[in-house]
Amino acid sequence: MNIRNHKIYRRDKQNLEKRLERKRYEDRAEAMFKGSNIHYEIGDRTRAICFGGIGAIHTLVIRLGLDKAINKAIELLKSHVPYWESDHVLNIAYNVFSGGTCLEDIDRLRNDETCMNGLGAERLPDPTTAGDFLRRFDEGSICELQEAINETRLKVWGKQNECFRKEAIVDVDGTIAGTTGECKGGMDIAYNGIWGYAPLVVSLANTNEVLYMVNRSGNRSSNDGATEWMNRAIELTAPVFRKIWLRGDTDFSLTRNFDYWDDKAGFVFGYDTKQNLVQIADGLPDNAWKPMQRPERAVKTRERLSPENIKETVVKDRGFKNIRLSSEQVAEFDYHPVRCKKTYRMIALRKNLSVEKGETRLFDEIRYFFYITNDREMTPEEVFLFANDRCNQENVISQLKSGINALRMPSDSLISNWAYMVIATLAWNLKAWYGLLTPSPNAHRDILRMEFKRFLDSFIKLPCQIVSTGRRLVYRILTYNRHLETFFETLNSIKSLKFS
């Protein structure tokens with residue numbers, strides 16, 4: 001941030017703080033929101049957009065060479081009249097950044113001359129053209145597009161410090177993407193009765209980036225075809241990270257792959273509670289079980305009193321069946337899966353439950369949960385907590401569904417909808433890259449954890465006047481935002497990127 005910008009930023013910050021500081025008001029005679037003589041008129045010389053942060057994202061794309069990588073990787077157009085493949089991909093991704101939730105929302109950008117000026121574009125593809133572009137993809141070109149994105153991702157990872165390179169935690173899970181359409185190719189009915197598709201999501205827990213997105217028919221199981229993409233994730237992360245972890249729930253305990261993965265990565269998977277495992281756990285001596293110590297939640301300020309548990313009160317009052325956790329213990333033993341040549345470490349979690357009805361205690365119940373790993377260094381408690389952290393991937397999947405609407409299924413076939421998933425998910429990955437290139441460690445952490453909507457509100461929805469002066473295209477920010485200091489620092493960091 002230069003001296004002029006810093007001076008304006010400091011002035012606006014002080015003005016806002018003065019407005020919001022605690023004051024002792026007298027009883028007011030009128031409401032805070034006052035009636036005003038409001039008029040509208042169209043500006044003549046001053047033109048502005050409401051999502052000025054898109055310029056920083058576009059700068060990131062250009063500096064990383066993502067547009068060139070896309071054009072090199074996929075050839076879907078016989079001639080470029082007037083658009084290239086990267087134009088179509090970025091058009092859809094930028095639609096997500098501008099708050100668009102479907103292909104039809106592209107029309108907002110196409111009819112906004114100031115937006116096109118800000119992107120240096122003479123025109124943008126319309127929604128129909130965007131849909132036609134998605135239908136040009138086949139499975140091979142989608143894979144090539146994902147690898148082009150990953151090639152660019154490696155440039156961002158290469159700018160990180162040694163602490164970042166310590167380990168990569170690869171999470172894998174499946175989800176259900178429902179649709180109310182009836183004519184979408186490849187759709188089917190899932191185990192829960194929902195019609196749609198069953199995408200596979202492979203993500204990096206360190207940064208919440210999506211490494212691979214795979215669309216599948218709705219009746220496919222979570223682990224169907226997952227091995228190929230997990231192996232791709234290992235190959236992608238191996239050159240950068242010193243240690244690689246694979247993590248997933250019971251569906252991804254693919255024992256036929258354990259021996260192969262054991263030579264390349266560490267893994268922790270949930271394991272089905274089978275009768276033979278329960279018998280082994282029941283036969284363990286009492287001294288093999290240790291109390292499960294969960295870490296206490298850190299409190300930044302003084303701890304507040306817990307609110308009353310309304311749900312539990314209703315359950316008791318109405319005499320509903322209630323299951324309460326009394327205690328939990330962990331133990332470990334060696335286990336040799338049938339399809340493996342090696343023996344692995346099995347962690348058993350025993351939950352002692354109390355089953356109640358109203359105020360009456362009916363009986364006690366024991367439930368087991370099992371986790372298999374090739375790690376011999378972590379304690380059983382650490383293995384369980386490591387496996388439990390996988391739940392954060394549910395937040396990533398939730399953002400893909402409702403934050404960027406990547407699973408909206410706007411097209412008419414499994415492949416074209418897969419292409420849309422990958423391109424829309426690029427917006428989520430660009431957010432992560434933006435955070436990784438932020439100089440401030442605190443802002444770096446916060447941006448990676450942000451929901452997509454909050455990121456848009458903080459760094460993208462900046463009202464900006466677009467001014468073309470000489471050889472410069474100026475985004476003149478028109479209002480104060482408390483994130484502007486981080487915004488300018490990150491933009492300067494992006495502009496200074498150099499690659500050999």
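Give the residue that is surrounded by the fewest Cβ atoms within 10 Å (Cβ to Cβ), with candidates limited to residues of segment 267-287 that are within 30 Å of Glu167 (Cα to Cα) and out of contact with any Gly (no Cβ under 9 Å at 6 or more places or on another chain).
Result: Asp272.
Close contacts from segment 455-466, counting a first residue that is closer than 12 Å to Phe97 by Cβ and in the same structural domain as Leu430 (by TED's automatic domain parsing) and a second that is crowded, with 21+ Cβ neighbours inside 10 Å and of a type in the set (D, E, K, R), with Cβ to Cβ under 7 Å and a gap of 6+ residues or different chains, come to Phe455/Lys431. On inspection, Thr207 fails the criterion of being β-branched (Val, Ile, Thr), out of contact with any helix residue (DSSP H, G or I) (no Cβ under 8 Å at 6 or more places or on another chain) and within 25 Å of Phe97 (Cα to Cα). Please determine whether any residue of segment 131-148 is in contact with a Leu (Cβ under 6 Å, 6 or more places away or on another chain), in contact (Cβ under 8 Å) with a residue 24 or more places away in the chain, under 26 Å from Thr207 (Cβ atoms) and of a type in the set (A, V, I, L, M, F, W, C). Among the residues of segment 131-148, not one is in contact with a Leu (Cβ under 6 Å, 6 or more places away or on another chain), in contact (Cβ under 8 Å) with a residue 24 or more places away in the chain, under 26 Å from Thr207 (Cβ atoms) and of a type in the set (A, V, I, L, M, F, W, C), which makes the answer no. Among (1) assigned by TED's automatic domain parsing to the domain that holds Ser326; (2) within 24 Å of Glu209 (Cβ to Cβ), which single condition is Ile372 missing? Among (1) assigned by TED's automatic domain parsing to the domain that holds Ser326; (2) within 24 Å of Glu209 (Cβ to Cβ), the lone unmet condition for Ile372 is (2).
Set side by side, the residues Glu328, Glu312, Glu332 differ, and just one is more than 25 Å from Asn276 (Cβ to Cβ) and either in the same structural domain as Ala281 (by TED's automatic domain parsing) or outside any strand (DSSP E or B) (or both), which is Glu312. The residues listed here are Arg350, Arg345; of these, the one that is surrounded by 11 or more Cβ atoms within 10 Å (Cβ to Cβ) and either within 30 Å of Val201 (Cβ to Cβ) or touching a helix residue (DSSP H, G or I) at 6+ places or on another chain (Cβ under 6 Å) (or both) is Arg345.
If you check Ser411 against the conditions, is it over 24 Å from Ile49 (Cβ atoms), of a type outside the set (Phe, Trp, Tyr) and surrounded by 22 or more Cβ atoms within 10 Å (Cβ to Cβ)? Against the criterion (over 24 Å from Ile49 (Cβ atoms), of a type outside the set (Phe, Trp, Tyr) and surrounded by 22 or more Cβ atoms within 10 Å (Cβ to Cβ)), Ser411 qualifies. Residue count for segment 102-124 satisfying the condition of being under 27 Å from the mean Cα position of the chain (by Cα) and not in a helix (DSSP H, G or I): 2. From the list Asn417, Asn442, the lone residue that is more than 17 Å from the chain's Cα centre (by Cα), of a type in the set (S, T, N, Q) and buried (at least 23 other Cβ atoms within 10 Å of the Cβ) is Asn417. The listed residues are Ser411, Ser416, and the only one of them that is within 30 Å of Cys102 (Cα to Cα) and assigned to a loop (DSSP other than H, G, I, E, B) turns out to be Ser411.
The values are calculated or read from the model by the stated rules, or taken from the named source; none is laboratory data. Not measured: the values here are computed from a predicted model. Please note: Cβ atoms are built from the backbone with ideal geometry, for glycine as well, and neighbour counts cover all protein chains shown.
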